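Shown next, in structure tokens, is the structure this report addresses.
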Amino acid sequence: MQQTPLKLFIDNNCGGVPAVAEKTSLSVRAIYKWAKKGSLPRTEFTSETNYSKNLSDLSGISADEIKDRFKPQPQQQLEPEDA
């Protein structure tokens, strides 16, 4: 798996994927999906979930900073190739 900044944060600051899965009551697979995308899920930014608080509890970094660092990035539109 590519080491995205979120994956590195989880590994280095939160005790790894299994620790985050346990703290958030999610599956290890769900946490790997976050790590692969490099961002927290959309629900974190629509106030449906509060996983950043769980990550804050594990890492000691504020939930607001975590949300700011790992927000979803807009997808780039690919230009059609000239024929």
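Please treat every number below as a calculation from the coordinates, not as lab data. Treat the numbers as computed from the prediction; the structure is a model and nothing was measured. Here the Cβ is made from the backbone with ideal geometry for all residues, glycine too, and neighbour counts use every protein chain on show.
What size of dipole, in debye to the nearest 20, comes out for region 5-69 about its Cα centre when the only charges are +1 on Lys and Arg C-beta atoms and -1 on Asp and Glu C-beta atoms? Could the numbers behind the result be given before it?
Numbers: 10 positive and 8 negative charges, 69 e Å.
That gives region 5-69 a dipole magnitude of about 340 debye.
Looking at S62, N13, F45, which one has the Cα that reaches farthest to the positive end of the dipole of region 11-72 (charges on Cβ: Lys, Arg +1; Asp, Glu -1)?
Among S62, N13, F45, the one farthest towards the positive end of the dipole of region 11-72 is F45.
Given DSSP loops and a limit of at most 16 other Cβ atoms within 10 Å, what is the longest stretch of the chain that contains no such GluC sites (Glu not before Pro)? Display every interim value, and only then the final one.
Details: sites that count: E48, E81.
Excluding the exposed sites themselves, the longest stretch runs over 1-47.
To the nearest whole percent, what portion of all C-alpha pairs in the chain is separated by more than 17 angstrom?
Values: 1511 of 3403 pairs.
Considering the chain, 44 percent of its Cα-Cα pairs are separated by more than 17 Å.
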